[in-house]
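Single-structure report; data block below.
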Amino acid sequence: MAFPTSSSRRIGVLCGSRGGNSSHYVEMATALGEGLGLRGADLVYGAGGAGVMGAVSQAAHRSGAKVTGVIPHALHERERAVEACGEIFVVPSMHERKALMYRLSDAFLVLPGGFGTLDELMEVATWNQLGYHRKPVVLVNVREFFQPLISMLDRMCEEGFFTPRERSIVKVADAPDAALDLLGLPRPAPVTQMAPA
């Protein structure tokens, strides 16, 4: 079941500033960025110019999406923000980075990453659970990257630490197009070729 379609389509992408050990992660991020642009959505991201983060933002930018990045001053050089694309906001702290990204985004896609990605995922899910916002959250489970986490969320629900309704806050898709479908973003109209005269 897809989330209701939003009239505003600013998608916050939470992901790693590294590319991982498999080229699949960067390839998937590129496909997702292209999909955002083709479906008329805009991107909000962590303003890093490398890894999964750099790939999704560069592809979204090339595909016509409006791209907005938010980065704390201390990470401006470390995450190669000079290579980042779009409008970049430099903020004083990680807390302000997350708060601004959450405020600017209408929904969240979570791609592979490390501690920071998990931190952001858990925060947006918790804010949703507590009613601070009602913004969709979708894990893009490429190569079953998030499978152990999905099992852990299921276990928490089974053991009574949250309800099935609360568990459903975090949806799962196996591929970029499926994730964009879950957010209710319309697929682009097929291109038809005119017959020769």
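List of remarks:
- So residue 144, is it open to solvent by 60 Å² or more (accessible area, probe 1.4 Å) and among the charged types (D, E, K, R): yes
- Of all the numbered requirements in (1) open to solvent by 70 Å² or more (accessible area, probe 1.4 Å); (2) farther than 26 Å from residue 25 by Cα; (3) modelled with pLDDT under 95, residue 187 misses one, and that requirement is (2).
- Every residue from the range 70-115 that is at pLDDT 95 or above, closer than 23 Å to residue 26 by Cα and either small (Gly, Ala, Ser) or assigned to a loop (DSSP other than H, G, I, E, B) (or both): 105, 107, 111, 112, 113, 114
- Residue identified as open to solvent by less than 10 Å² (accessible area, probe 1.4 Å), within 19 Å of residue 149 (Cβ to Cβ) and assigned to a helix (DSSP H, G or I) among 56, 124: 124
- Filter pass, residue 43 being open to solvent by less than 40 Å² (accessible area, probe 1.4 Å), within 16 Å of residue 102 (Cα to Cα) and at pLDDT 95 or above: yes
- Residue check, residue 152 within 16 Å of the chain's Cα centre (by Cα) and assigned to a helix (DSSP H, G or I): no
The values are calculated or read from the model by the stated rules, or taken from the named source; none is laboratory data. Note that this is a predicted model, so its numbers are computed, not measured. Methodologically, a virtual Cβ is constructed for each residue, glycine included, from the backbone with ideal geometry; neighbour enumeration extends over all protein chains shown. Surface accessibility is based on the protein's heavy atoms, side chains included, excluding ligands, DNA and RNA. Shrake-Rupley method; radii C 1.70, N 1.55, O 1.52, S 1.80 Å.
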